[in-house]
2 protein chains.
Amino acid sequence: MSEARTLPDTRERILDAAERLFMESGYEGTSMRTITGDAGVNLAAVNYHFGSKEALLREVFRRRLAWLNRERLHRLDEMEAHAGGEPLKPSAILSAFFGALLHMGTDESLGGMTFLRLLGRTLTEPADFIRTCFAGEYAEVVDRYKRALFRALPDVPREEIIWRFHLMLGAMSYAISGTDALQAVTDCELDLNNDGPQAAEHLAARVMPFLLGGLRAPLPQFVTNQEQQRKPEPSKAA
Amino acid sequence: MSEARTLPDTRERILDAAERLFMESGYEGTSMRTITGDAGVNLAAVNYHFGSKEALLREVFRRRLAWLNRERLHRLDEMEAHAGGEPLKPSAILSAFFGALLHMGTDESLGGMTFLRLLGRTLTEPADFIRTCFAGEYAEVVDRYKRALFRALPDVPREEIIWRFHLMLGAMSYAISGTDALQAVTDCELDLNNDGPQAAEHLAARVMPFLLGGLRAPLPQFVTNQEQQRKPEPSKAA
DNA sequence: ATATGATTTAAACGAACGTTTGAACCACGC
DNA sequence: GCGTGGTTCAAACGTTCGTTTAAATCATAT
């Protein structure tokens, strides 16, 4: 009819099925026959269109992370342009970084909650080629946001900022992945399972105060003393 | 000699190898031949001693979680006994819950950082039989700590407490699993990779302030209004 | 209509998987 | 000595894995 919407579109159907199945069962736990069967295409289609199962996984991430990286850099550029050289507020930096992520959950054409869950799940998988895939796509974005946080929090040791950046990522990916062990125990039904487009907004309202509270928490006592920028006195028991 | 310490101890060698390999490559990504080869035992030993690969995974967790659950309940019992009916401090509850966990990282006979990483990794895997395994072992412990937090924070809606409990678990498991995507990007070398017994103590000093800051963060605006216990006025802008 | 390049198809490939088998091995009580 | 129960062993089981092949089909331009 219109154009290319009604034709088989084998590539995208494979990517959609793989995205969902990798999220549900992991990379090793999903067979090519399950993927192609679910997508309604022939088994050989994956190797024809992508070359291998590993290349398929890379493409599943690439098509989503391309948008995410662009969006995150765009938000940071906009904020820094309006700030006129002044450091940004930490809350604004986090809102941009995680807001761009959570926006994907509200837009089905960007992967929706399925890709968000897959992403949260994969971040803890130490498989080599997965990490290298992330490193290449993520390097610039993470570096830009790290430097923005360094400027926003000049009194906090950089090592501590990086640590808390990690911790915030962990809390967020755990909240996103949803299906966690605690949920199987907890009788109270949280809206974690919500798949609708409002799930990501609920998530943001819930999680952002927690992340900001963690970021602003008092520093640990010992403070690594390798790049103490304020408080030149060594403190009593250090 | 003494008893059964010097003999091959096939069972434990399998469990140790499986623990490490499941941590490194995941359950589906680790073959029985790799496990038995690494443990220096015959391939058939796993099925002889445990019955199946799945039962082996269950036993890998069971022998560690048995100690963890006992320790967590013990610490809570002690605190509640000394409190004499008074609610506990939230920081004390978290210190007990996560302190028991992190103590495993300092004691090689309790699994050390290997098991901690495996645990952090597994919590985000939605495989059914893994979750059911956790549900059975975790139910009582999580319920006890949840109720302690409810008493410690009577002004916070219970749903919000459960949410933040989830988020703290996510941040901690992410910090523990260590090998994450951000690390591949960050040039600054954090002490995440430290495997020594002091790694868990560093982790505690780093992470606990963050978790407490998140737990005490201001509530989100909308506050679910299903069980508002204080502040009966709807408030304009909070 | 026909030739051409892109795509889909059914079938098979060898390798690796978890599991099972039955004989061999060992320690120990008789 | 011999038998016995627990354990280890090499070998093979049938299945599923990711990948490849070559023919069949489709779309399109001349």
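Quick one: A:K53, B:K146, fewest Cβ neighbours within 10 Å first, how do they rank?
Numbers: A:K53 17, B:K146 20.
Fewest-to-most Cβ neighbours within 10 Å comes out as A:K53, B:K146.
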Q: Based on a Kirkwood Rh over C-alpha pairs, give the Stokes-Einstein translational diffusion coefficient of region A:88-175 at 4 °C and viscosity 1.567 mPa s in µm²/s.
A: 92
Q: Treating the Cα atoms of region A:10-141 as identical point scatterers in vacuum, please give the log10 of the normalised Debye intensity I(q)/I(0) at q = 0.11, 0.13, 0.20, 0.23 Å⁻¹, two decimals.
A: -0.44, -0.59, -1.16, -1.41
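Hey, got the average number of other protein chain Cβ atoms within 10 angstrom for residues in A:203-211? List each step's numbers first, then the result.
Numbers: counts 1, 1, 4, 10, 7, 2, 8, 17, 6.
Neighbouring Cβ atoms belonging to other protein chains average 6 per residue here.
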Q: Calculate the spin-label point distance for B:D143 paired with B:E80, positioning each point 7 Å from the Cα along the beta-carbon direction, and give it in nanometres.
A: 1.2
(Q) Can you give me the orientation-averaged projected area of the convex hull built on the Cα atoms of region A:8-51, in nm²? (A) 2.6
Q | For region A:44-58 versus region B:9-57, the gap between their alpha-carbon centres in whole angstrom | A | 31
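Only the coordinates and a few stated rules stand behind these numbers; no lab work does. No experiment lies behind these values; they were computed from the predicted model shown. Virtual Cβ from ideal backbone geometry, glycine too; neighbours counted across all protein chains shown.
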